[in-house]
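Novice: Just dropping this structure here.
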Amino acid sequence: MILEFLPNSLSLIELFLLVLCCFIGAAISTSVGTGGGLVVIGAMSLFLPLTALLSLHAVVQAGSGFIRAFMFRNSFIRRFFLLFILGTLFGYFFATQFLITLSEAHLKLILGFGIIVLSFLPKVKIGKMSDSKIILIGVITGFLTMFVGVMGPILGIFLASLAKGRHEIVGTIAWCISFQNFGKAVIFGGIGFDYTPWMLLIIILIVFSYLGTLFGKKLLDKSNNELFQKILKIVILTLGSKLIIEAIILM
């Protein structure tokens with residue numbers, strides 16, 4: 001039976017729920033641009049050991065994101081992506097070199113309030129921003145993703161004014177976050193996490209994430225830009241509120 005090849009003796013129901021959440025998460029990220037990652041990590045936190053949680057979430061989201069990025073290969077802002085990834089590399093470096101004095105609760109609280117405040121501000125004109133400022137966005141998110149991992153909403157806020165339409169928003173977020181998650185997965189592997197025992201589970205979750213991506217793409221194609229912007233803002237506000245609630249619980 002397939003469960004015999006999975007670590008920690010996952011039950012059939014637990015495997016089904018993980019698969020379902022990966023499908024739903026991919027559909028959300030593809031149709032709205034962000035939010036699916038929290039659905040996935042929320043399910044993983046229920047059934048997987050904490051020592052493997054961030055690493056597995058990173059690699060599954062990277063695989064799912066690469067599929068989404070390929071699907072939107074003609075609908076993303078290349079300048080933003082290249083500068084963002086450059087900044088992300090510096091963010092990784094700082095995250096691995098310096099100890100964080102703030103607790104997880106404080107980080108989530110600050111990030112949650114920041115996401116909500118930014119979502120209510122007038123649209124930021126990314127197109128008029130210097131390259132150094134876009135790189136700075138990459139540095140900050142590259143640093144924070146190693147500890148909090150909720151960077152999609154931040155990109156959604158900035159890209160809402162820069163992108164020409166909903167497909168370009170989803171595509172740019174997919175390219176940025178997939179590579180960011182891949183880098184994080186590589187770093188976790190470099191510091192000792194062994195992905196080998198988890199490979200079958202990873203493959204299964206990525207396959208169903210692909211199916212969710214196909215479904216989400218159909219939803220995106222049927223929506224319009226005005227509806228998309230409203231849904232995106234609701235998702236961003238919801239995720240920001242979730243971070244604040246989690247921070248309060250941790251305190």
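Novice: Which FRET efficiency, nearest 0.05, do GLU246 and ILE191 yield, Cβ-Cβ r, R0 25 Å?
Specialist: Numbers: r = 25 Å, r/R0 = 0.99.
Rounded to the nearest 0.05, the efficiency is 0.50.
Novice: Sort segment 158-251 into rounded, prolate or oblate with this rule: let a ≥ b ≥ c be the square roots of the eigenvalues of the Cα gyration tensor; rounded if a/c is under 1.5, and if a/c is not under 1.5, prolate when a/b is larger than b/c, oblate otherwise. Could you put the intermediate results ahead of the total?
Specialist: Values: a/c = 1.99, a/b = 1.37, b/c = 1.46.
Oblate, since a/c reaches 1.5 and b/c is not below a/b.
Novice: Is the shape of segment 171-222 rounded, prolate or oblate, going by the alpha carbon gyration tensor and its root eigenvalues a ≥ b ≥ c, with a/c under 1.5 for rounded and a/b larger than b/c for prolate?
Specialist: On the way: a/c = 6.73, a/b = 1.64, b/c = 4.11.
Verdict is oblate for segment 171-222.
Novice: By how many nm would the segment from LEU237 to VAL207 lengthen if fully extended, with 0.36 nm per residue of separation less the alpha-carbon distance?
Specialist: On the way: separation 30, 0.36 × 30 = 10.80 nm, distance 2.94 nm.
Contour length minus Cα-Cα distance gives 7.9 nm.
Novice: Measuring from the lowest to the highest alpha carbon on each principal axis, how far does segment 10-250 reach, largest first, in angstroms?
Specialist: 49, 44, 33
A short reminder: the numbers here are calculations on the coordinates, not readings from a lab. Fair warning: this is a prediction, and the values are worked out from it, not measured in the lab. So basically every Cβ, Gly included, is an ideal-geometry build from the backbone, and we count neighbours across all protein chains shown.
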